[in-house]
There are 4 protein chains.
Amino acid sequence: MEAADLLSAILIMNLRILATGGTFDKRYDPTTGVLGFGETHLHEIVARARVAEPVQVEVVMMIDSLDMVDEHRQRVLAACRAAPESALVVVHGTDTMVETARVLADARLPKTIVLTGAMVPYALADSDASFNLGAAVGFARSLSPGVWVAMNGFAHVWSNVRKNRERGVFEQLGD
Amino acid sequence: MEAADLLSAILIMNLRILATGGTFDKRYDPTTGVLGFGETHLHEIVARARVAEPVQVEVVMMIDSLDMVDEHRQRVLAACRAAPESALVVVHGTDTMVETARVLADARLPKTIVLTGAMVPYALADSDASFNLGAAVGFARSLSPGVWVAMNGFAHVWSNVRKNRERGVFEQLGD
Amino acid sequence: MEAADLLSAILIMNLRILATGGTFDKRYDPTTGVLGFGETHLHEIVARARVAEPVQVEVVMMIDSLDMVDEHRQRVLAACRAAPESALVVVHGTDTMVETARVLADARLPKTIVLTGAMVPYALADSDASFNLGAAVGFARSLSPGVWVAMNGFAHVWSNVRKNRERGVFEQLGD
Amino acid sequence: MEAADLLSAILIMNLRILATGGTFDKRYDPTTGVLGFGETHLHEIVARARVAEPVQVEVVMMIDSLDMVDEHRQRVLAACRAAPESALVVVHGTDTMVETARVLADARLPKTIVLTGAMVPYALADSDASFNLGAAVGFARSLSPGVWVAMNGFAHVWSNVRKNRERGVFEQLGD
C-alpha cells in the first residue's frame, strides 16, 4: 500500500460549513442601498460547486465580524464543539478572524477548523468567495487537527497570521 | 511546538498551476457560437482570488480531454517533471482526467499533483470552476506526494475514482 | 400640453416578449458539454430587471435559428397575430433574424414588432443579452408599427439590415 | 415609402451616455468594505453590449444622487447643453432622478434626454443595470424631444413619475 493510499483512508469525509456572516456572505439590499445580511449564500455555493455528500451547512449567526464580541465567539466555539464532524470550515469576516481563531484554538478541540472569508462579497460579480471556500474545504479535509486561517490560496496556523488591511491580503507574521 | 506549528513549517509554499484546457477553461466564440479554446482564464481567476505569491500559471496545452492522446499526456508529464515546485495543480478536462493521472502516477515524481476541472466552464455565470480550483490548491498544499483527483470538494487517490457521467460527479470506486 | 406629454399618452403599455430560442437563450448542459436549449431565461431576466407589469412572456419555440424552416416562421407569425398586445419583442437567433422579420413584415400586422437576440448567451458571464432585451423593449414601446431589428443599441427597419458575421454586429445595408 | 422606412430615416444616430454616478455605477471597495465610486462601468457595459458607433461616454460626476445639490444639477444640464448629440442618456441615482429631470426639462433643450439608473449596482451579480441602460438607449433613439425617466422597462414623462421606495420601482403619478 502506497503512502497516498494510506492517507486516502484517513482523509476526512464528513464536513460542516459554519456561517457567521462577514463580507463573504453580505447581500445587497435594494431598499436601503447597502450591503447587509440576510440569508446565507452557502447553500447556493455548495450546490453550484456540486460538493459531494456528506456536507452540512449551519448558520451560527450572520453579522459583521467587527460587531463580534466574546459572546459571539463563544457561540461559534459551541457550534464547533457540538459538530459531529471533525472537519469544520468557519466562514467569517476577515477583520477579526484571528481573534475568533484564538478562542477556538484555546479550546483544543480534536478537529481541523479552517476559518475563511472573502475580500469581496459572493454577491459581487468579481468575488473571491467561491475560490476561498473551495480552498478552505481542501485544507479542512487534509490538514491536521488545529485551527487554521485559509485566505489567498494558503493556510496559516492561526497564531502566525494577520490581515494586512492596506494590501487586502493575509500574511505570515514576520513577513 | 505544537503539531500544527510543525506542519505549518512544512506546508508547501511554491505552487504551479498547469493549464491543459478542458471544460474548465472553455471560452465562448461569438463568431462560431460554440465553446472552444482561446486564452486561459487562469490568470484572471488567480488575480480575482488574490492568490498569494509565489504562484505560477503555465499553459501546457488548451484542448478537450477527449482529444488527448498519449503524446499529450507525455507533455503534461514533462511539464510536471520540469516544474521546480513540489505542489502542482493540473487543470484538465473531466472525461479523461483519470487516464492522465495514471500516466503521471507511473512516473512517481516526488510531488503532490492534484488534477481538477469543472463541470461548467468558468465563462458561464453558474460555474464550479473557481471553487474547484480553490479546493485543488488547498489539497495540493497539504496532501502528501502522489497523484490526486480533486472534484466536488473532495480529493481522491487517482486510482480510486471515476467520473459518473450520468450524475455529473466524481465518485470513489466501489461506492 | 407639451408634445412629450401627448406622446406619453400614446406610449404603448402592454408588452409581450416571445421566446423562439437562439443564442440569447442557450443553456449549458453539463452532461453533454454543449450549449443547447432548455427552459427560457426570460422569466429570470424580466424579474431581475424589475420590468413593470403588464408584461407577458410566451415561449413559442426553443430552437437555433439556423434550424428554422418556413413552418417555424409561420408559428412565430401566428403568435404575433394572436397576441393582444401591440408591442411585441421577439427573441430570436441572429443568423436568420432578418428572414423571420420578412415573414412578419409581409403580414402587415398593426403592431410594433422588434426582433432581438444576442451574440453571447445570457448564461455566459459576459453576455449582451440583458442590454439587448432592454433596448428591444425600449424600441417596441416607442417606435411606430412595423417590423424592426434591434441589435447593438440600434433599431433597423428589417429590410435595411444584415448581420455581418465576421464583425459579429448588425449593420445597415449600404454601409 | 412606408411609414417605418420614413421613421428609420429620422431615427437618431448619434448617442451620448452621461455618467453621474448613482447606484448603477457603484463599485465595491475591498479596503473599506462599502460600495462607493471609482471608475465608471459604462465603457465596459458598452463594449460588452457591442453598442454600435457612434456612441460617446462622458463622466460628468460620480456621486450618490442623495448628495446632489443644485450646483451638480447645473453641471448635468451644462453637459447636456454642450453635447453635440440629440439623443442623451443620463445614468443617475434613482433617489433624486426626478429632481434632476425637472432642471433639465426647464431648459427646454431640443434633445431627447432619458434618465435611467439601477436598483442594484452593475457590479452585483444580479443587477438590473445592463437591461436599464439598453432600454434607455432604445427610448433615447426613438422618443420625441423632451425629458424622460426610463426604469422598469418603461419610459415616463419626467413630470409624471415618482420612485416608490417601498416597492423599489418607478410608477406613474396617480397610479
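The values are calculated or read from the model by the stated rules, or taken from the named source; none is laboratory data. These numbers come from a predicted model, not from an experiment. Here Cβ is always computed from backbone atoms with ideal geometry, including for glycine, and neighbour counts include all displayed protein chains. In case anyone asks, the SASA skips ligands and DNA or RNA and just uses the protein heavy atoms, side chains included. Shrake-Rupley method; radii C 1.70, N 1.55, O 1.52, S 1.80 Å.
Structure data summary
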item: Number of the exception - D:SER127 against (1) in contact with a strand residue (DSSP E or B) (Cβ under 8 Å, 6 or more places away or on another chain); (2) within 8 Å of another protein chain (Cβ to nearest Cβ); (3) within 24 Å of A:PRO30 (Cβ to Cβ); result: (1)
item: Scan of the stretch A:144-171 for residues that are in contact with a Ser or Thr (Cβ under 6 Å, 6 or more places away or on another chain), modelled with pLDDT under 95 and either among the β-branched types (Val, Ile, Thr) or within 16 Å of B:GLY134 (Cα to Cα) (or both), ordered by number; result: A:VAL157
item: Selection within the stretch A:25-75 - of a type in the set (Gly, Ala, Ser) and over 14 Å from the mean Cα position of the chain (by Cα); result: A:GLY33, A:GLY36, A:GLY38, A:ALA47, A:ALA49, A:ALA52
item: Residue in the stretch B:132-140 that is closer than 16 Å to C:PRO30 by Cα and either at the interface with chain A (Cβ under 8 Å from one of its Cβ atoms) or in contact with a Cys (Cβ under 6 Å, 6 or more places away or on another chain) (or both) present; result: yes
item: Qualifying residue in the stretch D:81-97 (condition: within 13 Å of the chain's Cα centre (by Cα) and facing chain C (nearest Cβ under 8 Å)); result: no
item: Whichever residue in the stretch B:141-156 is among the small types (Gly, Ala, Ser) and under 19 Å from B:ARG81 (Cβ atoms) and, among such residues, is nearest to the other protein chains (Cβ to nearest Cβ); result: B:GLY146
item: Failed criterion for C:ASP5 (all others in (1) in a strand (DSSP E or B); (2) at pLDDT below 95; (3) charged (D, E, K, R) hold); result: (1)
item: Residue count, the stretch B:9-67 (criterion: more than 14 Å from chain A (Cβ to nearest Cβ), closer than 20 Å to C:ALA125 by Cβ and either in a strand (DSSP E or B) or open to solvent by 30 Å² or more (accessible area, probe 1.4 Å) (or both)); result: 15
item: Candidates C:ASP106, C:ASP95, filtered to the one that is of a type in the set (Asp, Glu) and within 30 Å of B:PRO121 (Cα to Cα); result: C:ASP95
item: Residue satisfying condition, being under 22 Å from C:ARG141 (Cα atoms) and either in contact with a Phe, Trp or Tyr (Cβ under 7 Å, 6 or more places away or on another chain) or not hydroxyl-bearing (Ser, Thr, Tyr) (or both), within set C:PRO30, C:PRO54; result: C:PRO54
item: Lone unmet requirement of (1) in a helix (DSSP H, G or I); (2) surrounded by fewer than 19 Cβ atoms within 10 Å (Cβ to Cβ); (3) charged (D, E, K, R); (4) touching an Asp or Glu at 6+ places or on another chain (Cβ under 9 Å) for B:ARG73; result: (2)
